[in-house]
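First up is the structure itself, then whatever we jot down about it.
The values are calculated or read from the model by the stated rules, or taken from the named source; none is laboratory data. Model, not experiment: these values are computed from the prediction. Cβ atoms come from the backbone with ideal geometry, glycine included; neighbour counts cover every protein chain shown. With ligands, DNA and RNA removed, areas are computed over all heavy atoms of the protein, side chains included. Shrake-Rupley method; radii C 1.70, N 1.55, O 1.52, S 1.80 Å.
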Amino acid sequence: MRITVARGARAWLARRAAPLLLVVTAAGTAAGGVAWLAGAGRAADALWLGVAICGLAYACWVAVAGLAQGRLSVDVIALLALAGAIAVDELLAAAVISVMLASGRALEDWAAYRARHDLSALLARAPRTARRYRDGTVETVPLDQVEAGDLLLVAAGDVVPVDGTLAADAAVLDESALTGEALPVQHGRGDALRSGTVNAAGPFDLRATTSAADSTYAGIVRLVSEAESAQAPFVRLADRYAMWFLPLSLAVAGVAWALGGAARAVAVLVVATPCPLILAAPVALVSGLSAAARRGIVVKNGGVLERLARCTTVLLDKTGTLTAGQPAVTAIVPAGALAVEEILGLAASLDQASGHVLAAAVVRAAAERGCLLDQPANVTEQPGQGIEGTVAGRLVRLGRAEWAGVQGNPPWVRAVRRRAWLDGALTVFIAVDGSTAGALLLEDRIRPDARQTIRALRRDGITRVVLATGDRAEAASAVGALTGVDEVLSELTPAAKLDAVRREQQHAAVIMTGDGINDAPALALADVGVAMGARGSTASSEAADAVLTVDHLGRLGEATVLARRTRRIALQSVLAGMGMSLAAMGVAAAGFLPPVWGALLQEAIDVAVILNALRALRPVTAAEPLTAADAELTRRFRAEHQVIRADVEQLRTAADALSTDPAAAPAAMARVRQVHALLVDEVWPHENAEEADLYPALNRLLGGADPTATMSRAHAEIAYQIARLGRLIADIGDRVPDETDVADLRGALYGLHAILRLHTAQEDEAYLSLGDDLEIVGGGRP
């Protein structure tokens, strides 16, 4: 017990030694000054001597600790200056040096404070118990009592406690924590399941194949611990310059001793006291940390900021980093005459009663498109298959193709499945009153600012960008191609991500960015780990060196720019302070600068370098502010884009349905006329409003000669193609279209689909993300 208390006391003292020393030395020096002004010279000397002894003891402790670790620190010069000042009875100078030493160390400790890379978040998420079948009943037992072969019950929403095989017909798991895949994964009887995943549907039975200690989740915990201990130690910027400043100072002091004795040597050491080194770099780094925090970038210490400035390679996770991290309905494909909006409304109405992870995406899509939802009745849900219920008197089924009554592999189903495979999407089929009505496609969308961020990273000195994800190769390749990364690494386990980080570290300092538990080991090992903390796991934030507290990937580029600028300002302050100190050392060596005046001059140098270091507080860029009206415009058009995307997808559906068959042609042409009406009544008014309202505001913000000219040209092309489609529909009239008519209609519809999809994505990336980047004035907030 005594040993534990003693260790705790030493740890407490180590954390608070510098702040306590600062309080003691500042108070003692001030009290000595008051005593001297009151004529109590001996009391003043006693107080200053006490302060000097405190500073000397602390400098000795820190210097010895540094030497024990094989580092020559700047504190050695402070130690020599203090000892020399006391030896020649320059007690005020010694007290001032002690205050500077304490203030620099306290400031550096503040800047270098770091949340420990512990495993608390991982362990907090890990299950402590399991539900085990025993003698026909279910008992709750501590997790360490589970053995291979035990049959377990995994309830809805539970974390899978150990690795095992599925002992039920079906299960739906949220595996994003381990693989990064945002979409749920369906499993059948006998499939291998990994611990750490979440049951996203109904309860199921699991046959354990490992103990808790040997499970996948426990392995991730161990990987994080090993990665943290493997991270290379970091040498302070100040200590690197002390390697040559210390011998130079000692050499000048030796010359001064030879020329004028010990007092002159002490004067040299006093002005050589490395306050620019002790103070300038920490002040700049603290300022940089503050500037980063104001932009939603929490950097855990100044050392991280220094490392970030040297990084030239970035490894990016996909899910939640380059993509939104949650599924969204991207297309609705009808199988018959039922309208797209009606299909979505029925599906969302039924999904209101479902706890499935895709249900929220379907309901959200209906809300974005203004669908009126009904309350479902008689709802039943079968895990791994789908959900069934009555909506407004109609029987609706939602789920797998077989559940929705799909027979065989008709052409429309084959097209849906091929599209899902090519785009890395999931399919949900819907049946209404016993007949298959259509299918929904859901994807994890790429962030609008993803490609823009990668371009910005390259402009800011990043030379290599790698996408490293646990997701499938098809989905990863599509994201990589659209965002412009240099290399795509897919289907990576947490251990494989560690290997990827190690491989890249052989060539350059590495930033790793992610938001899942599976990213935590790589975040801990990388030179700088950056977690997407706004929506990511707590474990990734614990393991990371920096956390983006806003859901905006573009801040990663800001962080690198800010880190380089902060490091540059710190270097300027250090080198300028050292230069002025060297000049003062020359004057002192010549005998023209007594120790006390040298200490005061050193104070003036300190003030100068600190003021320069404080420049790091300024924002990285002086962006043109958005007015409240501008911000409202960006929000308005971003919301309208949700509806426009749905309209755009109907163009492709209508084109796919076109036929020369007299029996199918009338319904297909009716759908073409319907989407043309959408283009005229919804899409073009939106584009026209952008031209009239949004683009003039953007021109003001962006400056230059008509920066939106190329996008305005796209508006003209869209208007022309809509009018051209209308003329083509009028020319065909009520007759059955022939092959030439179908070819022309498909060309027009597919062309409009492509240009509108690209144009909308470009606006999201280039313009509508400005509301996240620029400071809002006139009643708004950043």
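Odds and ends about this structure:
- Stretch gain in nm, segment residue 418-residue 709, where the contour uses 0.36 nm per residue and the Cα spacing is subtracted: 101.0 nm
- With a 1.4 Å probe rolled over the protein heavy atoms of all chains, the accessible area of 300, 318 falls in the order 300, 318, largest first.
- Estimated FRET transfer efficiency when R0 is 45 angstrom, pair residue 502-residue 134 (beta carbons, to 0.05): 0.50
- Within the accessible area of region 294-366, the carbon and sulfur atoms contribute 58%, probe 1.4 Å, all protein chains present.
- A 1.4 Å probe run over the protein chains yields, for region 413-522, 38 Å² of accessible area per residue, whole-number rounding.
- Karplus 3J(HN,Hα) series, Hz, for region 729-740 with 6.51 cos²θ - 1.76 cosθ + 1.60 (x for Gly, Pro): 5, 5, 5, 6, x, 9, 6, 6, x, 8, 4, 5
- Accessible area of region 386-512 belonging to carbon and sulfur atoms, whole % at 1.4 Å probe: 51
- Taking every alpha-carbon pair under 8 Å whose residues sit at least 6 apart, region 370-527 reaches a relative contact order of 13 percent.
- Length gained when the stretch residue 639-residue 214 is fully extended (0.36 nm per residue, less Cα-Cα span): 148.2 nm
- A 1.4 Å probe run over region 656-739, with the rest of the protein chains in place, finds 51 Å² accessible per residue.
- Gain upon complete extension [residue 312, residue 147; 0.36 nm per residue less C-alpha separation]: 54.8 nm
- Under the criterion of Cα pairs below 8 Å and six or more residues apart, the relative contact order for region 255-398 equals 13 percent.
- Using R0 = 35 Å, the C-beta based FRET efficiency linking residue 716 and residue 378 works out to 0.10.
- Alpha carbon centroid spacing (whole Å) that separates region 474-509 from region 666-705: 38
- Whole-Hz ³J(HN,Hα) from phi, Karplus 6.51 cos²θ - 1.76 cosθ + 1.60, for region 518-526, glycine and proline x: 5, 8, 4, x, 5, 4, 6, 7, 4
- Proximal charge balance of residue 727 [Cβ under 14 Å; K/R count +1, D/E count -1]: -1
- Label point 7 Å beyond Cα of residue 757 along Cβ direction - residues of region 321-346 with amide nitrogen under 15 Å: 329-333
- Rough spin-label spacing in nm, given labels placed 7 Å along Cα→Cβ, for residue 36 and residue 604: 1.7
- Across region 632-640, rounded Karplus estimates of 3J(HN,Hα) from the backbone phi angles (6.51 cos²θ - 1.76 cosθ + 1.60, θ = phi - 60°) give 5, 4, 5, 5, 4, 6, 5, 5, 5 Hz, Gly and Pro being marked x.
- Residue 477 accessible area, 1.4 Å probe, all protein chains in place, Å² to nearest 10: 60
- Reducing region 552-610 and region 343-420 to their Cα centroids gives an inter-centroid distance of 66 Å.
- Per residue, region 574-613 exposes 43 Å² of solvent-accessible protein surface, assessed with a 1.4 angstrom probe and all protein chains in place.
- Under Stokes-Einstein, with the Kirkwood radius over Cα pairs as Rh, the value for region 339-393 at 37 °C and 0.692 mPa s is 294 µm²/s.
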